[in-house]
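Data block below; observations after.
The values are calculated or read from the model by the stated rules, or taken from the named source; none is laboratory data. Every value quoted in this text rests on a predicted model; they were computed, and no experiment measured them. Glycine gets a Cβ as well: all are built from the backbone with ideal geometry, and neighbour counts include every protein chain shown. Accessible surface areas use protein heavy atoms only, side chains included; no ligands, DNA or RNA. Shrake-Rupley method; radii C 1.70, N 1.55, O 1.52, S 1.80 Å.
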Amino acid sequence: MPESKRIANEKGLAASIVNEVAKIATTKDTLFLIVYNPFLICGSEIHSRSPFNEKMEALKYAIKSQYYFDQMTSFPPVYKNNDITIVTGTSSTGYEGCGCFRSAIVNFEHENMSEKNVYEVQYNAIGKDKVEIAITNFNTREELQVMDFVLNANNWILK
């Protein structure tokens, strides 16, 4: 299995992602951005309890995609962008689809998720100089926007 490699300027990519999320926010208040979900296999909707054939497809993807970035350390806990506050954190959706939100600032359980503006970053493809993500509304599972970021002179810009 090939050795994984970190992408360049991880914090720059995280800042670019959050700036774009702020532009599609529908409220001028606080929104919560899930940047990491430990139960999902990167690039897929595969959970740890998924069927074997789905896990194998995700493994093939992981072998083909050698690049990654550390979402846990790349995103600061809070971003302020104009009138919007974005709190970044993690979620555990698990196989049943219920979730919780965990960050350095605030934690809440799945019972309160529907009362909050919660978005999720889903990493569709991570390459050396291109990253494709999808932003979804966590509560409705509606895909809000797909974005491609490209590395240009060590800066991640929206393509």
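So the values come out like this:
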| quantity | calculated |
| --- | --- |
| Residue satisfying all of: in the stretch 7-31; part of a loop (DSSP other than H, G, I, E, B) and at pLDDT below 90; farthest from residue 82 (Cα to Cα) among these | 26 |
| Total residues in the stretch 125-156, condition in contact with a helix residue (DSSP H, G or I) (Cβ under 7 Å, 6 or more places away or on another chain), closer than 13 Å to residue 9 by Cβ and aliphatic (A, V, I, L, M) | 1 |
| Test: residue in the stretch 117-128 that is touching a residue at least 12 places away in the same chain (Cβ under 8 Å), among the charged types (D, E, K, R) and more than 18 Å from residue 75 (Cα to Cα) | yes |
| Flag for residue 54 being out of contact with any helix residue (DSSP H, G or I) (no Cβ under 8 Å at 6 or more places or on another chain), modelled with pLDDT under 75 and within 22 Å of residue 143 (Cα to Cα) | yes |
| Cross-chain or 6+ apart pairs with Cβ under 7 Å, the stretch 1-29 first and in contact (Cβ under 8 Å) with a residue 24 or more places away in the chain, then open to solvent by 90 Å² or more (accessible area, probe 1.4 Å) and part of a loop (DSSP other than H, G, I, E, B) | 7/128; 28/83 |
